[in-house]
Amino acid sequence: MAFTAPTLPFAKARIVLALALLASVFPGIGAAEEYFDRYGLVPASPAVDLGVQPLGYPSGVISAAMQHDRILKKALADSAQPLKSHAFRRGADMVGLLADRRLDAGLIGDMPTLLAASTGSVWIVGLVKQSSTGVIAKGDTQIAGLASKRIGYVEASSAHLTLLQGLASAGIGESQVRLVPLGVDDMPDALERKDIEAFTGWEPATTIALGKSDKNHIVFKGMTTDYFVIEQRFEKRAPQAARHVVAGFLRAIEWMRRSPAHVEKAARWAMADTEAFSGKPAALSAAQIAGITRRDILEVPSAPTILMRPGAPPLKPEFDFLMKLGKLPAGGSWSAVEAAFTYDGMARVLAEAQAFQLHTFDYEN
């Protein structure tokens, strides 16, 4: 598909991000047209509308494989529900579209997952990514040396939480640094231009920054996760179509696990999606993207199953962080998040592996 969102200059990107953050707190703001308004999405359309993030890996790699899956496309086309993919800069841009049924499913980060799940909009199907967030600084600075420094961040993100944890470990309060709102994909270049002296982000921004200069290094690490979610009313209206989409998600991961060549092929598809969406070549090579994909999903033993450990429910610290910041939507609750984890669609698909062709692969070149 053709991706149309333009690359924004640094200053304009900051303005757009600030408006987006305001709109997330005050829904009446944001009257200006968003890039995704041009997609023409409508509630409960006949198509299965899938939100993807081509700028992020391994999320963009998994979605690229799903978009090339002939088995998935045929299963949905046979039920007159064709697969349509729509590219987004960030998962937060999908939350409202999932809530009003303009999107049926999406691959999104942990904080957007909480925003959607806390109001009962989505089922949380499976794990897309489990990787580290990082605070990247230039020079010999350690975490204790970030006081008074300009630090790029995405507000209310898992990387923001990582930054606060790192600063607290060094006895530094949030008010003792200068936080600069930035899109995560803008951070490596901002660091090189010296617009900021550090940033807190996730892949691929961390790998890109480390590759730009041997003076850039990680001074603190945290953890972040991405999830595959399905809109609850879509699943109720078309449960079999929802399970076919789940099967396509599972099949993509299994196919990549079968061969390094498959991972490289999917990485190249993802690179093409990145360039089509951003208008710029992917900043990482296919080998680097494949390496991130192996580390952050394929080599996670349980993935894409989400482990529910007693006493340590997934996303509870992140939920508490959003609550502390006052970022949860009205009526958002932890009980709704817990309920979102109870979706049994993956278990049903796995139990009917042959019927859903989980071990049969037919991908377009």
Quiz item: If amide H atoms are built 1.01 Å from N in the plane of the peptide, which residues on other chains or at least 5 residues away come under 5 Å of the amide H of V180?
Solution: I151, G152, Y153
Quiz prompt | Ranked packing of 135-141, 182-188, 345-351, 240-246, most packed first, by mean Cβ within 10 Å | solution = 182-188, 240-246, 135-141, 345-351
Practice problem: Any chance you could check the Cα centroid distance between segment 137-178 and segment 184-248 for me, in angstrom? | Solution: 19 Å
Quiz item: In deg cm²/dmol, rounded to 500, what helix-only [θ] at 222 nm does the chain give when every DSSP H run of at least 4 residues adds -39500 (n - 2.57) and the total is split over its residues?
Solution: -12500 deg cm²/dmol
Self-check item: segment 62-118, relative contact order in percent, only Cα pairs under 8 angstrom and at least six apart counted
Solution: 26 percent
Exercise. Just the number, please: Stokes-Einstein D of segment 122-237 in µm²/s, Kirkwood Rh from C-alpha pairs, 4 °C, 1.567 mPa s.
Key: 88 µm²/s
Practice problem: Taking the Cβ of V263 as the centre, find all other residues whose Cβ is under 13 Å away and add up their charges (Lys, Arg: +1; Asp, Glu: -1). | Solution: +2
Quiz item: Relative contact order for the chain: what is it in percent, counting Cα pairs under 8 Å that are at least 6 residues apart?
Solution: 26 percent
Quiz item: Using a basic spin-label model with each label point 7 Å from the Cα along Cα→Cβ, how many nm lie between K74 and M308?
Solution: 3.5 nm
Practice problem: Name the long-range amide H neighbours of M223: under 5 Å, sequence gap of 5 or more, or other chain; modelled H, no Pro or chain starts. | Solution: T133
Quiz item: Among L328, A290, T113, whose Cα sits farthest toward the positive end of the charge dipole of the chain (+1 at Cβ of Lys/Arg, -1 at Cβ of Asp/Glu, about the Cα centre)?
Solution: A290
Quiz prompt | Whether segment 40-81 is rounded, prolate or oblate, judged on the alpha carbon gyration tensor where a/c under 1.5 counts as rounded | solution = oblate
Quiz item: Rg and Dmax of segment 258-365, using alpha carbons, in Å: what are they?
Solution: 18.7, 47
Quiz item: Taking Cα pairs under 8 Å and at least six residues apart, what relative contact order does segment 253-359 come out at, in percent?
Solution: 21 percent
Practice problem: Over the chain, with every protein chain in place, what whole percent of the accessible area is carbon and sulfur at 1.4 Å, could you tell me? | Solution: 55 percent
Practice problem: Under a cut-off of 19 Å between alpha-carbon atoms, report the lysines in cross-link reach of K316, not counting same-chain residues fewer than 8 places apart. | Solution: K129, K221, K324, K327
Quiz prompt | Gyration tensor verdict on segment 191-313 (Cα atoms; rounded if a/c is under 1.5, prolate if a/b is larger than b/c, oblate otherwise) | solution = prolate
Self-check item: Fraction of antiparallel bridges per DSSP, the chain only, in percent to nearest 5
Solution: 65 percent
Quiz item: Once phi is turned into ³J(HN,Hα) by the Karplus curve 6.51 cos²θ - 1.76 cosθ + 1.60 with θ = phi - 60°, what whole-Hz value does each residue of segment 171-179 show in order, with x for glycine and proline?
Solution: x, 10, x, 4, 6, 8, 10, 10, 7
Quiz item: Separation of segment 54-83 and segment 291-357 by C-alpha centroid, Å?
Solution: 21 Å
Quiz item: Long-range amide H contacts for D362: which residues qualify at under 5 Å (H placed 1.01 Å from N, peptide plane, sequence gap of 5 or more or a different chain)?
Solution: R70, I71
Quiz item: If you take the square roots of the eigenvalues of the alpha-carbon gyration tensor of segment 172-227 and sort them as a ≥ b ≥ c, do you get rounded (a/c under 1.5), prolate (a/b over b/c) or oblate?
Solution: rounded
Practice problem: Just need log10 I(q)/I(0) for the chain at q = 0.06, 0.12, 0.15 Å⁻¹, Debye formula, equal scatterers on the alpha-carbon atoms, no solvent, rounded to two decimals. | Solution: -0.21, -0.87, -1.40
Practice problem: In whole Hz, with x marking every Gly and Pro, tabulate ³J(HN,Hα) for segment 133-150 from phi via Karplus 6.51 cos²θ - 1.76 cosθ + 1.60, θ = phi - 60°. | Solution: 8, x, 9, 9, 10, 9, x, 8, 4, 9, 4, 5, x, 8, 4, 6, 7, 7
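The values are calculated or read from the model by the stated rules, or taken from the named source; none is laboratory data. What you see is a predicted model, and the numbers here were worked out from it, not measured in a lab. Ideal geometry is used to build each Cβ from the backbone, glycine not excepted, and the neighbour counts take in all protein chains shown. Each accessible area value is taken on the protein alone, full model and side chains, heavy atoms only, with ligands, DNA and RNA left out. Shrake-Rupley method; radii C 1.70, N 1.55, O 1.52, S 1.80 Å.
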